[in-house]
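The values are calculated or read from the model by the stated rules, or taken from the named source; none is laboratory data. Predicted model, so just to flag it, every value in this text is computed and none were measured. Neighbour counts run over all protein chains shown; Cβ positions are idealised from the backbone, glycine included. Quick note on the areas: whole protein, heavy atoms, side chains included, nothing else; ligands and nucleic acids left out. Shrake-Rupley method; radii C 1.70, N 1.55, O 1.52, S 1.80 Å.
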Amino acid sequence: SHNPSLESSQKAVRMLNAALTGPYPPGDTKNPPLDFKLDVEESEPGPDEMGTIRQYLEAESPPPVPSNYPIVVDWFGGRATCGPQLGGVTRILENLQKERDESFAGKLKSSWKFW
């Protein structure tokens, strides 16, 4: 959930967009961007979504209150974070990077043949 009036929410959206459009992790142009679908929702999650978000939340996350800080959810990976500190967003991006890199390594490994 994105509250555009909050700096932490604006920063979370910038972090996520940067991971989609530039190298991730940033700083090394050899790194490809991450591949995920980003939906920025300004409306609060519904009751069913909030129940799932609570199950996905990191242990150190405060209770999800969309009007107070951003809620970032990786629906496919079963991860969520919320709060004014954005370390949880970084951890979600790092997990996506790890999955990308493991998948890429697996494709490379399976594409080589030796006789």
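Residues in segment 4-14 that are polar (S, T, N, Q) and either without any contact (Cβ under 8 Å) to a residue 40 or more places away in the chain or open to solvent by 40 Å² or more (accessible area, probe 1.4 Å) (or both): SER5, GLN10. Screening PRO62 with (1) outside any loop (DSSP other than H, G, I, E, B); (2) touching a strand residue (DSSP E or B) at 6+ places or on another chain (Cβ under 7 Å); (3) loosely packed, with under 15 Cβ neighbours inside 10 Å gives one miss only, at (1). Checking each residue in segment 27-39 for being farther than 20 Å from SER9 by Cβ, open to solvent by 50 Å² or more (accessible area, probe 1.4 Å) and of a type outside the set (Asp, Glu) picks out GLY27, THR29, LYS30, PRO32, PRO33. Using the structure shown, decide if THR90 is touching an Asp or Glu at 6+ places or on another chain (Cβ under 6 Å) and at pLDDT 85 or above. So THR90 does not fit the description; no. Kindly indicate whether any position in segment 16-25 is out of contact with any helix residue (DSSP H, G or I) (no Cβ under 8 Å at 6 or more places or on another chain), without any contact (Cβ under 8 Å) to a residue 60 or more places away in the chain and in a loop (DSSP other than H, G, I, E, B). Looking through segment 16-25, at least one residue is out of contact with any helix residue (DSSP H, G or I) (no Cβ under 8 Å at 6 or more places or on another chain), without any contact (Cβ under 8 Å) to a residue 60 or more places away in the chain and in a loop (DSSP other than H, G, I, E, B). When restricted to residues that are of a type outside the set (A, V, I, L, M), more than 24 Å from ASN31 (Cβ to Cβ) and not in a loop (DSSP other than H, G, I, E, B), segment 65-100 contains 1. Here ASN17 passes the criteria (1) open to solvent by 30 Å² or more (accessible area, probe 1.4 Å); (2) at pLDDT below 95; (3) farther than 17 Å from ASP101 by Cα except the one numbered (2). For beta carbons closer than 8 Å, sequence separation of 6+ or different chains, a first residue in segment 49-72 that is among the hydroxyl-bearing types (Ser, Thr, Tyr) and a second that is in a helix (DSSP H, G or I) and surrounded by fewer than 20 Cβ atoms within 10 Å (Cβ to Cβ), the qualifying pairs are TYR69/SER8. Is it the case that SER1 is part of a loop (DSSP other than H, G, I, E, B), surrounded by 14 or more Cβ atoms within 10 Å (Cβ to Cβ) and modelled with pLDDT under 95? Yes, satisfied. Scanning segment 40-59 for residues that are open to solvent by 50 Å² or more (accessible area, probe 1.4 Å), farther than 22 Å from GLU7 by Cβ and assigned to a loop (DSSP other than H, G, I, E, B) yields a single hit, ALA59.
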